[in-house]
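The values are calculated or read from the model by the stated rules, or taken from the named source; none is laboratory data. Keep in mind that this is a model prediction, so the values were computed, not measured. All Cβ positions, glycine included, derive from the backbone under ideal geometry; neighbour counts span all protein chains shown.
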């Protein structure tokens with residue numbers, strides 16, 4: 001492949017590429033990355049950047065991890081791809097076994113797909129068809145939490161339409177019942193009351209509740225207590241409503257445990273379906289999976305083919321993706337991975353008092369390896385010039401961030417050294433000195 005200069009790369013990008021969540025007419029030129037190593041990215045001019053958001057939360061072990069790269073290379077020389085309809089292969093079987101044994105009860109089966117959005121689509125189809133296959137034809141409604149984001153395909157958009165990302169598509173989205181998200185004691189009570197009312201009046205019409213456990217990611221890193229999530233689950237179970245956990249972001253160590261569902265289980269709550277993607281392959285391959293209970297799976301067993309889950313993708317259970325996921329999961333068997341996760345959380349916790357006392361910061365918070373806070377601003381909406389100023393200022397100082405409005409967050413790779421993370425916090429202090437009157441509010445060019 002031809003090696004491009006910095007100028008050539010940006011010119012070709014401008015001529016041919018259409019970037020996600022971006023107003024291409026007004027957006028600044030993208031960062032021209034040519035290499036990654038550990039927690040760092042390198043641009044075409046040789047500059048180094050700390051990837052403080054793990055490239056949209058996927059590179060959990062850092063960039064170009066040699067163990068995962070070698071596993072993919074070995075698999076590519078043995079079996080690069082085979083369809084998964086009527087065929088199976090060792091990486092898919094071994095990965096499914098590993099996921100089921102690693103996930104909390106009652107997960108028993110794994111359905112593979114391509115990305116987080118399709119994992120959610122599969123879960124929604126499972127939930128709706130589960131009830132149809134059981135002869136319950138009234139359960140056609142979904143409950144979701146306000147502000148939740150579940151992806152950009154149509155079912156996922158419907159369950160996340162309160163996030164505000166999907167206005168052009170509103171006429172084509174199915175109806176969803178939204179309840180508040182419980183982020184503190186007062187709103188927890190409001191959430192439970194809203195759920196209780198829906199279940200009391202409409203349980204016979206509701207197929208499932210879908211939510212991001214512990215952290216609503218794209219809506220601004222909103223945190224929920226495990227005990228509160230467990231209470232939502234228990235009330236749905238008592239009312240005969242399935243629960244879907246969207247762990248596309250929260251799985252694979254992000255919240256301090258392999259699955260966020262593990263912390264919910266400590267308080268007696270569980271999901272019937274769990275969706276995973278992002279960190280599944282350590283950031284190497286696009287892949288997703290929808291895990292489900294034996295009870296849900298059994299509802300699809302029948303002499304009638306129409307009762308089967310008639311869903312699939314060309315690259316379902318791709319062997320390269322499965323090999324990458326197995327290698328990524330193997331890294332969690334090493335003590336140093338969990339030590340790194342604990343060290344990152346400890347650094348976040350150590351900085352909390354400083355952030356809490358700063359006059360330009362609001363609501364600093366930590367959950368596992370995720371730290372988040374708001375920069376005080378009257379122009380905090382998604383896509384505002386404020387969020388773009390934050391991103392560009394950090395970039396000039398050697399850190400890649402992706403603000404959610406005026407919410408800044410660290411979601412670093414687990415290999416991030418203490419020195420790198422400490423430097424990120426020190427850089428934040430520099431950014432805060434520039435913050436305030438420097439920003440001229442106006443329309444932006446980016447979201448998410």
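Against the condition within 30 Å of residue 334 (Cα to Cα) and touching a residue at least 60 places away in the same chain (Cβ under 8 Å), how does residue 31 come out, does it pass?
Working: within 30 Å of residue 334 (Cα to Cα): no; touching a residue at least 60 places away in the same chain (Cβ under 8 Å): yes.
Considered against the rule, which asks whether it is within 30 Å of residue 334 (Cα to Cα) and touching a residue at least 60 places away in the same chain (Cβ under 8 Å), residue 31 comes out as no.
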| request: Collect the residues in the range 299-330 that are surrounded by 14 or more Cβ atoms within 10 Å (Cβ to Cβ) and assigned to a loop (DSSP other than H, G, I, E, B), keeping them in residue-number order. | output: 299, 300, 309, 311, 312, 313, 315, 316, 317, 318
| message | farther than 18 Å from residue 314 by Cα and surrounded by fewer than 16 Cβ atoms within 10 Å (Cβ to Cβ): is that true of residue 70 in this structure? | response | yes
| query | In the range 275-290, what residues are surrounded by 24 or more Cβ atoms within 10 Å (Cβ to Cβ) and touching a helix residue (DSSP H, G or I) at 6+ places or on another chain (Cβ under 6 Å)? | reply | 275, 277, 278, 280, 281, 282, 284, 287, 288, 290
| Residues of the range 392-406 satisfying the condition of being touching a residue at least 40 places away in the same chain (Cβ under 8 Å) and within 16 Å of the chain's Cα centre (by Cα) | 401, 402, 404
| Checklist (1) surrounded by 13 or more Cβ atoms within 10 Å (Cβ to Cβ); (2) part of a loop (DSSP other than H, G, I, E, B); (3) modelled with pLDDT of 95 or more applied to residue 333, failing item | (1)
| Could you list, in sequence order, the residues of the range 94-108 that are closer than 18 Å to residue 296 by Cα and surrounded by 19 or more Cβ atoms within 10 Å (Cβ to Cβ)? | 96, 99, 103, 104, 107
| Flag for residue 147 being crowded, with 18+ Cβ neighbours inside 10 Å, modelled with pLDDT under 95 and within 22 Å of the chain's Cα centre (by Cα) | yes
| note | The one condition residue 158 fails out of (1) farther than 28 Å from residue 328 by Cβ; (2) touching a helix residue (DSSP H, G or I) at 6+ places or on another chain (Cβ under 7 Å); (3) crowded, with 18+ Cβ neighbours inside 10 Å is (2)
| query | Restricting attention to the range 6-22, does a residue exist that is touching a strand residue (DSSP E or B) at 6+ places or on another chain (Cβ under 9 Å) and touching a residue at least 60 places away in the same chain (Cβ under 8 Å)? | reply | yes
| note | The lone condition residue 89 fails out of (1) surrounded by 14 or more Cβ atoms within 10 Å (Cβ to Cβ); (2) over 28 Å from residue 414 (Cα atoms); (3) within 27 Å of the chain's Cα centre (by Cα) is (3)
| remark: Here the residues within the range 196-219 that are under 26 Å from residue 365 (Cα atoms) and either modelled with pLDDT under 95 or over 21 Å from the mean Cα position of the chain (by Cα) (or both) are 218, 219
